[in-house]
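K.L.:
Below: one structure in structure tokens.
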Amino acid sequence: MMTIMSFDEMNRLGIERRSMEFEQYFGEMDITPKQRDRRISLAEDLEEEFLDFFAWFITMDGLVDEEKMRKNLRQRIRDSLPDDVRKTDNTDDMVTAIADSIADTTRNRRSDPFTLSEDRAKENAEDVSNTFWNDYDYDEAVRQRKKFKVWHTIMDGRERPAHGAADGQMVDIFDPFVVGDELMQYPKDTSLGASLPNILNCRCSLEYIG
């Protein structure tokens, strides 16, 4: 019978851990303590929801239709979001896109040990929390009539070359950044067509000025 694979079990199989502890993941970003703490709080809630979702999938023995899986996870993510995040214009579309992607991967790659693991639950949680709060921070900066925004990249050797090149780029608050050959309003933004390789596990952040 399938179970949720723990970090120790994955270590014994020689599977490299992909997630970080939340304090490290968010602590390395160039963000304020308040921004860090609320990202950690949401990530903790999301991690529990993803683990529960994996357990539900295992209990169903994978025999659940695709749309039911998607609706289940959409509701879990939506219920985890703080009130401030729920009020942003993009939230509903983001919940749908994120939940559907995670649910589809769970169904299609269930034979991969990583798919139903604590490691994936944590990695997804930190990634999704950062996505929602980045969107909120941009929305808040617009409401506060900030004039400019600056892209900051963690330059520790793990950054994508395109993100390293974007470090220090400053644009008008309403203009997109050019990251590689794609446009993004903020790190992890997909509204202008940025692809998954450009947003997954991105640890970049913005500084708002003016």
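K.L.:
Can you name every one of the helices (runs of 4 or more DSSP H) wholly within segment 1-116 that holds 3 or more residues which are within 19 Å of residue 133 (Cα to Cα)?
P.N.:
Helices (runs of 4 or more DSSP H) meeting the threshold: 22-27, 33-59, 66-80, 83-86, 91-108.
K.L.:
Could I ask something else about it? Within segment 159-180, work out how many residues are touching a residue at least 12 places away in the same chain (Cβ under 8 Å) and farther than 21 Å from residue 29 by Cα.
P.N.:
Residues in segment 159-180 being touching a residue at least 12 places away in the same chain (Cβ under 8 Å) and farther than 21 Å from residue 29 by Cα: 2 in total.
K.L.:
Give me the pairs: first residue in segment 17-34 and farther than 17 Å from residue 152 by Cα, second residue in a loop (DSSP other than H, G, I, E, B) and among the hydrophobic types (A, V, I, L, M, F, W, C), beta-carbon distance under 8 Å, and six or more apart or on different chains, which are they?
P.N.:
Matching pairs, first to second residue: 18/114.
K.L.:
Identify, from the list 129, 117, the residue that is in contact with a Leu (Cβ under 6 Å, 6 or more places away or on another chain), polar (S, T, N, Q), buried (at least 21 other Cβ atoms within 10 Å of the Cβ) and modelled with pLDDT of 95 or more. Explain how you work it out, then say what you get.
P.N.:
Details: 117 fails: in contact with a Leu (Cβ under 6 Å, 6 or more places away or on another chain).
Every option except 129 fails the conditions.
K.L.:
Could you go through segment 52-66 and let me know if any residue there is surrounded by 14 or more Cβ atoms within 10 Å (Cβ to Cβ), of a type outside the set (A, V, I, L, M, F, W, C) and farther than 27 Å from residue 93 by Cα.
P.N.:
no
K.L.:
Of the conditions (1) within 20 Å of residue 24 (Cα to Cα); (2) not assigned by TED's automatic domain parsing to the domain that holds residue 13, residue 134 satisfies every one except a single condition; which number is it?
P.N.:
(2)
K.L.:
Now for a different question. Please go through segment 187-210 and pick out each residue that is closer than 15 Å to residue 154 by Cα and either part of a loop (DSSP other than H, G, I, E, B) or in the same structural domain as residue 25 (by TED's automatic domain parsing) (or both).
P.N.:
Once the filter is applied, which keeps residues that are closer than 15 Å to residue 154 by Cα and either part of a loop (DSSP other than H, G, I, E, B) or in the same structural domain as residue 25 (by TED's automatic domain parsing) (or both), segment 187-210 yields 187, 188, 200, 201, 202, 203, 204.
The values are calculated or read from the model by the stated rules, or taken from the named source; none is laboratory data. Worth saying up front: this structure is predicted, and the values here are computed from it rather than measured. Quick reminder, even Gly has a Cβ in these numbers, built from the backbone with ideal geometry, and neighbours come from all protein chains shown.
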